[in-house]
Amino acid sequence: MSNSIRHAGIVPASTVPPIRRLATSRRGGPRNKSGVTERIWRGAALMLLMLAPPAAAQTANAPLAYQQLRDPAQEKQARARMETLRCLVCQSQSIADSDADMAGEMRALVRQRIAAGETPAQVRDWLIQRYGDYVSYDPPLGRATIALWLAPLALLALGAWLARGSFRRRP
């Protein structure tokens, strides 16, 4: 290399190291060597795919879920029956108070059956047959529900026995 080329700031191509291409992803942005960015995108896509079926399965409300019956006496019977039935989704609310879709469908079923001429007792029996004793706030006494009826009495007796023993020990 001559001194005139060096002083002019011109460097021959043979002395310049080759320029490395920056590592880029297919989208043109910088690529993380460990592939974390791609894993995040794949995870997000997977989550969207997992959430899509439940979102697509949302059903429209049953027609009588929020509409009252035309006959006020029948509507009064239906409302009274709805107050005694448990929402299977919420479990602590009656179907009259719950905003769950299933409670709306159950309200529609109660109204349809009352409008068809069934008595509230028949509607209750049909719902118990369909959903089980748990749907009623007042389950019938039977083999499956005996613990529901006897547990409070047994706990009350146990508490009285413990209190009696505690009071006897005091001088």
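Some notes on this structure:
- Single residue of segment 91-111 satisfying the filter (hydroxyl-bearing (Ser, Thr, Tyr) and open to solvent by less than 40 Å² (accessible area, probe 1.4 Å)) that is farthest from residue 67 (Cα to Cα): 94
- Number of positions in segment 112-132 that are exposed (fewer than 15 other Cβ atoms within 10 Å of the Cβ) and either outside any helix (DSSP H, G or I) or in contact with a Pro (Cβ under 7 Å, 6 or more places away or on another chain) (or both): 4
- Filter pass, residue 138 being among the acidic types (Asp, Glu), exposed (fewer than 15 other Cβ atoms within 10 Å of the Cβ) and closer than 15 Å to residue 81 by Cα: yes
- Filtered by the rule that a residue be modelled with pLDDT under 70 and open to solvent by less than 80 Å² (accessible area, probe 1.4 Å), segment 60-85 gives 62, 64, 65.
- From 157, 144, residue being under 30 Å from residue 107 (Cα atoms) and either assigned to a helix (DSSP H, G or I) or open to solvent by 50 Å² or more (accessible area, probe 1.4 Å) (or both): 144
- Within segment 79-89, the residues that satisfy the criterion of being free of Cβ contacts under 8 Å to residues at least 40 places away in the same chain and either closer than 12 Å to residue 120 by Cβ or of a type in the set (Lys, Arg) (or both) are 79, 82, 83.
The values are calculated or read from the model by the stated rules, or taken from the named source; none is laboratory data. It should be emphasised that the depicted structure is a prediction, and the values quoted were computed from it without experimental measurement. Glycine also receives a Cβ, built like all others from the backbone with ideal geometry; neighbour counts cover every protein chain displayed. Surface areas here come from the heavy atoms of the whole protein model, side chains and all, with no ligands, DNA or RNA. Shrake-Rupley method; radii C 1.70, N 1.55, O 1.52, S 1.80 Å.
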